[in-house]
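The values are calculated or read from the model by the stated rules, or taken from the named source; none is laboratory data. Note that the structure is a prediction, hence the values are computed from the model and not measured. Don't worry about glycine lacking a Cβ; one is built from the backbone with ideal geometry, like all the others, and counts go over all protein chains shown. Remember, those area values only see protein heavy atoms, side chains included, never the ligands or the DNA or RNA. Shrake-Rupley method; radii C 1.70, N 1.55, O 1.52, S 1.80 Å.
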Amino acid sequence: MKCHVPGPNVKVLARTVHALARFGDELYLESLPDCILLRTLNASESAYAMVKLNKNFFSHFNYNYYSIENDGLKCKISMKSALNAFKSPAHMDKQVENLEIKLDPHSSKLIFQLKCKHGIVKTHYVSILDCKAMQAIYTKDLVPNRITSSQRLFSEAIGNFQCSDDQVTLEVTSESLIIKNFGDTPTDLSRIIRSQVTIKPFEFSSYTIGTDTNITFTMKEFRALLGFAEGLNLPVQLHFEITGKPAVFIVHNGTTIEAHFVLATSKPDIATQYTSQQTTNSERKRKDDSNDNNISAKKAHLEDLSNQFQEDSNLFNYIPNNISQNVIENINNLEKADSMDTNRDNIPASPTSKMKIASVFKRCFESTFDPRIIHGVVLAENSDSD
């Protein structure tokens, strides 16, 4: 295989590689008579991505340049090595004039040769890990539900969710589409922020729903494909059936590039959510009951104290005559203190600042000063005779 990519399309290819890197760690490349296919699969095999570069995407294209047989290139390379060849995709169209991709049959390496401005040539030799292709089986044509929208609409919708959200759920009906986050365990449901966005059908470019359903898929790959569509400024098509069937996101411009992102779907665990909601409500009710019990106990304690205080105050009315005068005076003092507490306006004012200053700086207010009271040697005598 040998092909040349013009400068403006090098930026598109770089964005494609960076988008596929957010799906999997290995890049499968296959050359066909009319196109080149780039594929990848994530580690859990729940997300698959395929990008098709048509023949007119290249300025020169020969799919079996080094092959004697009528077979094109089929190989697997490391995604990290591919990223090293396409650094800074946003500025590659300003730096790279042409890209040549070819296979070296002697060293079993895939060569990316970037011809930059001012005669600079950068060559990257990427080792081939395996000579095989990968193919996923899915359907996108015979599905009852199809939605077409701009990538900005989906991006603004998921912008309301937390970065820590792992999954997103779509509740699709003929009247609306609801996007909300979803947690796996009851503990997650009780701690995360529940977010929900409702989108009406008139906000989409095309909205055809044949079967109402709920589907759940991963948020990471959803953000990745939206970023890819945003970089190319292309709309997003969503084709899906029911829960358990894969959801297919399609991004294409109709002439040079077409991308399929296939995400596995699952059904939200309604029983888990209901159980967790019941658990949360029971815990909240238990806390409210405990708070009510604490308030009742405090009220009862205060009532007991008030009753005890009334009984104790009644005892003072039956004081025997043989009690000493000191005890009676102490009781009178306590009664006076209670009356002073009730009449706080009768508290005497604080001493004035002049009294404090006069007591602290007493010598400063004396009319005369006798230097003989100072003991020790005078280091500096008075310069004035007076």
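Scan region 19-36 and give yes if some residue there is without any contact (Cβ under 8 Å) to a residue 24 or more places away in the chain and within 40 Å of the chain's Cα centre (by Cα), otherwise no.
Checked region 19-36: at least one residue is without any contact (Cβ under 8 Å) to a residue 24 or more places away in the chain and within 40 Å of the chain's Cα centre (by Cα).
Anything in region 105-125 that is of a type outside the set (A, V, I, L, M, F, W, C), surrounded by fewer than 16 Cβ atoms within 10 Å (Cβ to Cβ) and at pLDDT 85 or above? List them, or say none.
Lys117, His118, Gly119, Lys122, Thr123, His124, Tyr125
Which numbered condition trips up Asp184, out of (1) in contact with a strand residue (DSSP E or B) (Cβ under 9 Å, 6 or more places away or on another chain); (2) outside any strand (DSSP E or B); (3) modelled with pLDDT of 85 or more?
Going through (1) in contact with a strand residue (DSSP E or B) (Cβ under 9 Å, 6 or more places away or on another chain); (2) outside any strand (DSSP E or B); (3) modelled with pLDDT of 85 or more one by one, Asp184 breaks only (3).
Could you tell me whether region 124-137 includes any residue that is closer than 30 Å to Val172 by Cβ and not aliphatic (A, V, I, L, M)?
Yes - at least one qualifying residue is present in region 124-137.
For region 82-150, list the strands (runs of 3 or more DSSP E) that sit wholly inside it and hold at least 2 residues that are touching a strand residue (DSSP E or B) at 6+ places or on another chain (Cβ under 9 Å), in contact (Cβ under 8 Å) with a residue 60 or more places away in the chain and under 30 Å from Asn214 (Cβ atoms); which are they?
In region 82-150, 145-149 are the strands (runs of 3 or more DSSP E) which contain 2 or more residues that are touching a strand residue (DSSP E or B) at 6+ places or on another chain (Cβ under 9 Å), in contact (Cβ under 8 Å) with a residue 60 or more places away in the chain and under 30 Å from Asn214 (Cβ atoms).
In region 210-235, which residues are farther than 27 Å from Val12 by Cα and either in the same structural domain as Leu13 (by the TED database) or β-branched (Val, Ile, Thr) (or both)?
Passing the criteria: Thr211, Thr213, Ile215, Thr216.
Which number in (1) open to solvent by less than 60 Å² (accessible area, probe 1.4 Å); (2) not assigned by the TED database to the domain that holds Ile215 marks the one condition that Ile179 misses?
(2)
Could you please let me know if Lys80 is open to solvent by 60 Å² or more (accessible area, probe 1.4 Å) and modelled with pLDDT of 90 or more?
yes
Starting from residues that are aliphatic (A, V, I, L, M) and open to solvent by 40 Å² or more (accessible area, probe 1.4 Å), keep the ones in region 126-174 and report whichever is modelled with the lowest pLDDT.
Ala133
Collect the residues in region 1-50 that are small (Gly, Ala, Ser) and either touching a helix residue (DSSP H, G or I) at 6+ places or on another chain (Cβ under 9 Å) or open to solvent by 40 Å² or more (accessible area, probe 1.4 Å) (or both), keeping them in residue-number order.
Within region 1-50, Gly7, Ala14, Ala19, Ala21, Gly24, Ala43, Ser44, Ser46, Ala47, Ala49 meet the criteria.
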